[in-house]
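Okay, so here's the structure we're looking at.
The values are calculated or read from the model by the stated rules, or taken from the named source; none is laboratory data. The structure presented is a predicted model; accordingly, all values stated were derived computationally and were not measured. Backbone-built Cβ (ideal geometry, glycine too); neighbour counts: all protein chains shown.
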Amino acid sequence: MPFKRFIGLCIFLMAGLVSRSYAQGILIRNYNVKDGLANATVYGAVQDKDGFIWFATPTGVSKFDGKRFRNYAKHDGLTDNDVLKLAADNQGRVWFFTGSTKLSYYSNNLVHNEQNDSSLYFPINQNPIQYAFDDGTVNTWFLNGGARVMRYNGRNTIYSSPGQTDLFFLLRNDTIFHPLQASFQLTGWNDPNNPFQQIQPNILNYTQPAGYALVHRKPAIVIGNKLFIYNHNQASCFFSGNDYGITDDIRSLYIDRDNLWIGTQKALYYLKDYFRGDTKLSRLLDNHYITSILGDRDGNFWISTFGDGVYNIPFKNFYFNYLDNTNGLATHSIFSIFKDQASGMLLIGQNAGYLNTLDRNGKISQYGLSGSLGGRNSIISMLPYGKDVLIGMDNGIYTFNLAKQKPELLRNVSRLKDIDVSPGGKIRVAAEDQLITLDDDIPPVLSAGGITSVACIDDSTYYVGTNTGLYFGTDWDSQLLSRWTDPRLKQSIRHLKNINGDLWIGTADQGLYVLHHDSVVSHISMRQDLASDICQQLYYDERGHLFVATDRGVSEIDVASRKIMRKFTSNDGLNSDDIRDVFLQDSMLYIATSNGLCYFRDKQLPVDTTPPTVYLSTIRYADVSYTASAKTFTHLFKSKSSFEVEFGAIAFDLPDLVEYQYNFSADSTDWISTKSNIIPYPDLQPGHYELVIRARKYNGAWSKPVSLDINILPRWYQQWWARGILVLLGILLIGFFLRYIIRRVKQSETRKTEYNRKIAELEAKALTNQMNPHFIFNSLNSVQHLILEKEEKQALNFLADFATLMRQMLNNSRKSYISLEDEIAFLTRYIELEKMRFANAFTYHFNLQPTLKEFTVYIPPMIIQPILENAIKHGLAPKTKAGYLEIRLELVDDMLYVSVDDDGIGWEKANSLKSGRLIKHESTALSVIRDRLQIIKSFNGNVGKLEIIDKFKSGLGSREGTLVEILIPIVKML
């Protein structure tokens, strides 16, 4: 989870500390301001009826569900931000005792005070509240600093005087008044408000049944560093800090079954089985000011501190023992473990050649096995070898004599990877590039494949695992053999284990394979719920169970059935998921990790069987948030409004692994799973819905569902009678609309006739402007010139083309639109005629977009020709050298884009050479084109465009000429 931080702390023995004796370490989780806590100083903690944990701080209170903090301050209803104490009564209310003398409490998602709840109004100026009690009914009783008792009954707040109203009176009458705190801090037994009070301190034998019951039934009295039980007029001391070396005053305590927790200004103390006579004291959270200790319903512990936030000890961590470099080991990185059955000594192999031993009395010893070859020197393997232990390191092999507790170097070996001992005691060593048998008569077996593991079959045969696959070897052959064609046995292998004639093969990234009679008979991977496909070590317990150490935890496999039985990860309590080795003895399972050693009773792995409590937090509808204080939500329908339900689950162990399911019916089995705590519905229609939500913890059972009745009320226009009226009105509107459409169609036909008339007139103007007398006159002059020059054949060709062009122009002028193919043919003939007239003074090219060839496009005629005439006559003809003309046609958004690009003298220069009559003629031609484009727009809505660009003037480099761009609306496209 994002909020938690784990701190490995050692619990060590304060009394009878001999040599270097250590008890188990414990993992403690810290929550602070950056996690959402209101303040790092926390005065106290309490758990309410729903299961939330509340923390009192100088800047308000924090409500915690295991994942999120919800903070409340004065602006949320507290009478003051400085909350000194908390109390939770039997009505589900959480009371806040602040620096103010006013009462306030939390219930039903609201902080109640005298401003919003008249039952809390109390006009008399009073002393701050000290303690709270309830009587099993609706009454809650308060004792203030002035030794006056107040009573709140849900309707009002009044002073009450049930006799001599002091603390001891309330404690004596514990059949009526039940304290809402576990202890009371006093300075002494003298009661200034009751001089007749007689209290006789004595010694309580708490291990006897009567004393045991008394300690667990009554609250404790704290005076200095001693703890008492007050029973009628007797005060019985059941703990004295001086007996355990605790000289500081006790600030908080908690009694958990037979265990006693004590907090002082300097540390947290833990006495396991204290009420069974055990006197061993463990010290945790050294140099921390402990303000309160709370044990919640699930068995977790919460320790609040002055300035260091809140510490949490999950219930499952009491079942585990942890060893690392904080409580006795040389380093935290563990590679191998071995425990001797006879002596009970545990050997722990670490990096840098460190070997730690732990005896039955908890004494830890340390040895440095350095070897002579240097390098990493991690202790990677330990095996029994007669009465000794065989130790394999990166750069050597040692033996460790258990009786003398003395290591001895057996042989230096470079880059050792694994060792195994045959049934007859022959030692085989897998080094990186060779297999060594510790027998002078057997030479090393070389391999270039990178040896990783060895498993002896008998004294003379063995299997070898390498980075390139599995091999077989014998003492009478100096070569490793690969006799398997199965590609699954030709991959990187990490460890081998020969079990009852079957070879178990742990691979680098494909899980486990089982080899039986030289054939692969089983493959176990993450698909079968293996912790990971990256196998790091295999351990067989000689009782039919194989443990697979991976980079994501440990998996236990039943060898006979080859089925996975269970797996262990950090979610279950391990201090890391990076597992290096496993060892099992006398039902104690030892797991070596990269973050220390974890060991626990194999059959007592804790399981959190309590399902989480689901609660509704916020409902959002139509951009307004509502507190989900009731089980019903009713709202008038709002169109296109998003509906959201925000919820949560109270889970203090692995809250990030909580899974939710929901549906819209309590009887439905069609659950929808989610990790999110928000259920969104974009457009919830009017109706009645029942939203049901449930949750479960990691590997736990589903909780009891919580339901929310949702009523989205229809608007008046969504009622049946309103719908009928709307249908009738709709029919009438449709009739009026059809009548309107018919009239509009008739008007449109009239306008269309008028438009057609205008188009005909404009087309006539275009024809006049395009085939003007200048062109005819110039063409006839050209014919005359050809005849005078004796070019009769060329003159006849010119006249024939001219006549064809005139006929084609007259045919096109009768049509409202022509195909693009006909238009291009007309323009080509026209340009050819102009080329002949100007003695081939220019060349031209049509650039047609390939897409246009796939369609038959219809456009209005006689729009492009005047532009071509201008380009030839006024741009290219005045040039002293050959010119070039390019006509480009493209399809752009249902419009025909046409560009006419020439390299003539340019638009501005051509205008300066024209006579006044020519300029007027050009203006008229361009005006006619623009009018035609505007009329076409009125029919199909597309807007045409005509733009003339002088290339030199417009800054297009040093290029000369004119670029004319036209967007012509397409009338029809097939």
query: Counting only residues that are of a type in the set (Phe, Trp, Tyr) and either out of contact with any Ser or Thr (no Cβ under 6 Å at 6 or more places or on another chain) or assigned to a loop (DSSP other than H, G, I, E, B) (or both), which one in region 244-280 is farthest from residue 291 (Cα to Cα)?
result: 275
field: Criterion violated by residue 37 - all others in (1) part of a strand (DSSP E or B); (2) within 37 Å of the chain's Cα centre (by Cα) satisfied
entry: (1)
query: Got at least one residue in region 131-154 being under 30 Å from residue 32 (Cα atoms) and surrounded by 14 or more Cβ atoms within 10 Å (Cβ to Cβ)?
result: yes
query: Using beta carbons and a limit of 7 Å, which pairs, at least six apart or on different chains, have the first residue in region 332-360 and part of a loop (DSSP other than H, G, I, E, B) and the second one of a type in the set (S, T, N, Q) and surrounded by fewer than 22 Cβ atoms within 10 Å (Cβ to Cβ)?
result: 332/325; 332/595; 333/351; 333/594; 341/585; 345/357
task: Read through the list (1) touching a Leu at 6+ places or on another chain (Cβ under 9 Å); (2) more than 26 Å from residue 312 (Cα to Cα), then give the number of the only condition that residue 587 fails.
output: (1)
field: region 400-417 - residue that is more than 13 Å from residue 368 (Cα to Cα) and touching a Lys or Arg at 6+ places or on another chain (Cβ under 9 Å) and, of those, surrounded by the fewest Cβ atoms within 10 Å (Cβ to Cβ)
entry: 403
- request: State whether the residues of region 634-650 include one that is outside the structural domain of residue 296 (by TED's automatic domain parsing), more than 30 Å from residue 714 (Cβ to Cβ), in contact (Cβ under 8 Å) with a residue 12 or more places away in the chain and basic (Lys, Arg).
  value: no
- request: Considering (1) in contact (Cβ under 8 Å) with a residue 40 or more places away in the chain; (2) aromatic (Phe, Trp, Tyr); (3) buried (at least 19 other Cβ atoms within 10 Å of the Cβ), say which one residue 615 fails and leave the rest.
  value: (3)
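Going residue by residue through region 363-370, is there one that turns out to be in a loop (DSSP other than H, G, I, E, B), over 28 Å from residue 598 (Cα atoms) and modelled with pLDDT under 90?
Let us first name the residues in region 363-370 that are in a loop (DSSP other than H, G, I, E, B), namely 369-370.
Still in the running and over 28 Å from residue 598 (Cα atoms): none.
Checking region 363-370: not a single residue is in a loop (DSSP other than H, G, I, E, B), over 28 Å from residue 598 (Cα atoms) and modelled with pLDDT under 90.
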Qualifying positions in region 959-974 - of a type in the set (Gly, Ala, Ser) and modelled with pLDDT under 80: none
- prompt: Quick check, is residue 63 surrounded by fewer than 19 Cβ atoms within 10 Å (Cβ to Cβ), at pLDDT 95 or above and of a type outside the set (Ser, Thr, Tyr)?
  reply: yes
- prompt: Does any residue of region 722-735 turn out to be at pLDDT 85 or above and under 30 Å from residue 609 (Cβ atoms)?
  reply: no
message: List pairs: first residue in region 135-155 and at pLDDT below 90, second residue among the acidic types (Asp, Glu) anywhere in the structure, Cβ distance under 7 angstrom, at least six positions apart or on different chains.
response: 147/166
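Determine if region 477-491 includes at least one residue that is assigned to a loop (DSSP other than H, G, I, E, B) and small (Gly, Ala, Ser).
yes
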message: I'm trying to understand the selection: among the residues of region 820-840, which are among the hydrophobic types (A, V, I, L, M, F, W, C) and within 17 Å of residue 801 (Cβ to Cβ)?
response: 824, 825, 826, 827, 831, 833, 836, 838, 839
- prompt: Hey, any hits in region 302-315 for a residue that's out of contact with any His (no Cβ under 9 Å at 6 or more places or on another chain), surrounded by fewer than 23 Cβ atoms within 10 Å (Cβ to Cβ), closer than 18 Å to residue 588 by Cβ and at pLDDT below 95?
  reply: no
- line: Selection from region 114-127 of residues modelled with pLDDT under 85 and crowded, with 16+ Cβ neighbours inside 10 Å yields 122, 126
- request: Please find, within region 931-958, the residue that is farthest from residue 747 (Cα to Cα) out of those that are surrounded by 13 or more Cβ atoms within 10 Å (Cβ to Cβ) and modelled with pLDDT of 80 or more.
  value: 951
field: The lone exception for residue 660 - which of (1) in the same structural domain as residue 710 (by TED's automatic domain parsing); (2) in contact (Cβ under 8 Å) with a residue 60 or more places away in the chain; (3) buried (at least 22 other Cβ atoms within 10 Å of the Cβ) it fails
entry: (2)
Spans of strands (runs of 3 or more DSSP E) in region 664-732 with at least 1 residues surrounded by 11 or more Cβ atoms within 10 Å (Cβ to Cβ) and of a type in the set (Phe, Trp, Tyr): 678-681, 687-696
message: For the list (1) at pLDDT 80 or above; (2) surrounded by fewer than 14 Cβ atoms within 10 Å (Cβ to Cβ); (3) not hydrophobic (A, V, I, L, M, F, W, C), I need the number of the one condition that residue 790 fails.
response: (1)
- line: Out of (1) buried (at least 22 other Cβ atoms within 10 Å of the Cβ); (2) out of contact with any Pro (no Cβ under 9 Å at 6 or more places or on another chain); (3) closer than 22 Å to residue 584 by Cα, the one residue 396 does not meet is (3)
Residue list for region 85-113, filter: surrounded by 20 or more Cβ atoms within 10 Å (Cβ to Cβ) and of a type in the set (Gly, Ala, Ser): 87, 88, 104
message: Could you list, ordered by first residue, the pairs with Cβ atoms under 6 Å in which the first is in region 79-100 and among the acidic types (Asp, Glu) and the second is surrounded by 23 or more Cβ atoms within 10 Å (Cβ to Cβ) and not in a strand (DSSP E or B), at least 6 apart or interchain?
response: none
